[in-house]
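This report refers to the structure that appears directly beneath it.
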Amino acid sequence: MTGRISLEGLEFHAFHGVYPHERQSGNWFEVDIAVDTDMTRAAQSDILADAVNYETLFRIVKHQMEKPSHLLEKVAADIVQSVFSELPGVTCVYLKISKINPPIGGKCRRASITLHINRT
């Protein structure tokens, strides 16, 4: 039984960006992450150790968001790599990272990147 576990609307104040003021004062970011995994064993055992723990998933995202980077692509790649490294049952990661009110010289609610990566 394959299924998807999702965390939606995670909010972080972080220091990602190419401009000095972004690296100094930071900005707000929103992260949505979902992972595909086989849920058969967890569904039968009702034991957390047999499931993808979404607290672990949150911790991975939080840890990577705390590391300043110039590009969201770098942050996203680091999150995906950590998920695959720490959660061997995950077969696919869906990730969206949005920078709220990005400094683009005009009104923009958010700038986002979206990834869909299968374990190789």
> Taking VAL83, is it under 14 Å from SER6 (Cβ atoms), touching a residue at least 12 places away in the same chain (Cβ under 8 Å) and not in a strand (DSSP E or B)?
Replying inline: yes
> Just checking, how many residues over the stretch 15-37 are in contact (Cβ under 8 Å) with a residue 40 or more places away in the chain and more than 12 Å from LEU57 (Cβ to Cβ)?
Replying inline: 13
> Can you tell me which residues in the stretch 1-41 are charged (D, E, K, R) and assigned to a strand (DSSP E or B)?
Replying inline: ARG4, GLU8, GLU11, GLU30, ASP32, ASP36, ASP38
>> Of the conditions (1) surrounded by fewer than 16 Cβ atoms within 10 Å (Cβ to Cβ); (2) of a type outside the set (A, V, I, L, M); (3) over 15 Å from ILE5 (Cβ atoms), SER69 satisfies every one except a single condition; which number is it?
In response: (1)
> Taking the stretch 13-33, which residues are surrounded by fewer than 18 Cβ atoms within 10 Å (Cβ to Cβ) and under 19 Å from VAL93 (Cβ atoms)?
Replying inline: GLU30, ASP32
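Condition check: touching a helix residue (DSSP H, G or I) at 6+ places or on another chain (Cβ under 8 Å), modelled with pLDDT of 95 or more, surrounded by 13 or more Cβ atoms within 10 Å (Cβ to Cβ) and small (Gly, Ala, Ser). Does SER98 satisfy that?
Working: touching a helix residue (DSSP H, G or I) at 6+ places or on another chain (Cβ under 8 Å): no; modelled with pLDDT of 95 or more: yes; surrounded by 13 or more Cβ atoms within 10 Å (Cβ to Cβ): yes; small (Gly, Ala, Ser): yes.
So SER98 fails the test.
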> From THR56, THR37, which residue is out of contact with any Asp or Glu (no Cβ under 6 Å at 6 or more places or on another chain) and buried (at least 17 other Cβ atoms within 10 Å of the Cβ)?
Replying inline: THR37
> For the stretch 42-76, how many residues meet the condition of being closer than 30 Å to ASN27 by Cα and either part of a helix (DSSP H, G or I) or in contact with a Phe, Trp or Tyr (Cβ under 6 Å, 6 or more places away or on another chain) (or both)?
Replying inline: 18
> Considering the stretch 81-90 alone, what residues qualify as being under 22 Å from LEU48 (Cα atoms), among the polar types (S, T, N, Q) and surrounded by 14 or more Cβ atoms within 10 Å (Cβ to Cβ)?
Replying inline: SER82
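The values are calculated or read from the model by the stated rules, or taken from the named source; none is laboratory data. Source: prediction; values computed, not measured. Here Cβ is always computed from backbone atoms with ideal geometry, including for glycine, and neighbour counts include all displayed protein chains.
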